[in-house]
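First the structure, in the form of structure tokens, and then the observations on it.
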Amino acid sequence: MEKSGLGDKKIIVWDHNRDLMNHRANVIFDDPEASKYAWGMGFHWYENWTGGEPMFENVKKVQEAYPTKNLIFTEGCVEKFDSNKYQLWANGERYGRSMINDFSNGTVAWTDWNILLDQNGGPNHVGNFCFAPIHANTVTGELIYTPSYYYIGHFSKFIRPNAKRISSVSSRSQLITTSFVNEDGKVITVVMNQSDKEAKYNLCVGSESASVTILPHAIQTLVY
């Protein structure tokens, strides 16, 4: 690519699940001749195919080991499409949990696999029909907005291009959070309640604090 005049293109390596991203990063980024062509690393969220939990810690370890490389979430969708589950809230929560943890562990960008699919969860050339943030019924013309659409919006509508992630931690295990500061100085804090109970908490910034309430299994974005 470089010899063809395409040396300015940003090459993303791996582009697969979090489980083996550390090994692949070690192989490529520790090789000076290979590393100089790799702008960053892409990863997906399907490592739970073994029955385990998402391996967010692996993202952090790659970022710590190779801080000059960019980490990008390049694919994620909810598998096993079922039109009876268009509004399944857990599908949105999966997005929120992944985005918060991935950003907090050093990810610089996050994108879905399919933003828009049809009423059958396709098209798909191998029959791997999935959920998407929006489904279009090609028969009736209806657009169906699923919970993941609104969860993504808690990030994309407020965190602007060139925003910088800043430290943000929760003192309660049922709450997870991440924060960014936009170029205009506004701070964006996303909070997600993973529990079945309403939670009251204090948003503390320096010597200032504000009391906030979040409903069970809710996500909220604070702008200040």
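Tabulated data
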quantity	calculated
Strands (runs of 3 or more DSSP E) (entirely within the stretch 93-145) containing at least 2 residues that are touching a His at 6+ places or on another chain (Cβ under 8 Å) and open to solvent by less than 40 Å² (accessible area, probe 1.4 Å)	116-118
Residues of the stretch 200-224 that turn out to be open to solvent by less than 40 Å² (accessible area, probe 1.4 Å) and closer than 21 Å to S98 by Cα, as a count	6
Residue count, the stretch 51-61 (criterion: over 16 Å from the mean Cα position of the chain (by Cα) and in contact (Cβ under 8 Å) with a residue 24 or more places away in the chain)	1
Single residue of D184, D196 found to be within 21 Å of A90 (Cβ to Cβ), open to solvent by 90 Å² or more (accessible area, probe 1.4 Å) and either among the polar types (S, T, N, Q) or without any contact (Cβ under 8 Å) to a residue 40 or more places away in the chain (or both)	D196
Residue count, the stretch 76-92 (criterion: surrounded by fewer than 19 Cβ atoms within 10 Å (Cβ to Cβ), of a type in the set (A, V, I, L, M) and not in a helix (DSSP H, G or I))	1
Residue within the stretch 63-73 that is closer than 30 Å to D118 by Cβ and surrounded by 18 or more Cβ atoms within 10 Å (Cβ to Cβ) present	yes
Residue check for N114: touching a helix residue (DSSP H, G or I) at 6+ places or on another chain (Cβ under 9 Å), within 26 Å of V190 (Cα to Cα) and of a type in the set (S, T, N, Q)	no
Residues within the stretch 162-204 that are assigned to a strand (DSSP E or B) and either modelled with pLDDT under 95 or touching a strand residue (DSSP E or B) at 6+ places or on another chain (Cβ under 7 Å) (or both), tallied	22
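The values are calculated or read from the model by the stated rules, or taken from the named source; none is laboratory data. Because the structure is predicted, anything quoted here is derived from the model rather than measured. Glycine also receives a Cβ, built like all others from the backbone with ideal geometry; neighbour counts cover every protein chain displayed. Ligands, DNA and RNA are excluded from the accessible area calculation, which covers all protein heavy atoms including side chains. Shrake-Rupley method; radii C 1.70, N 1.55, O 1.52, S 1.80 Å.
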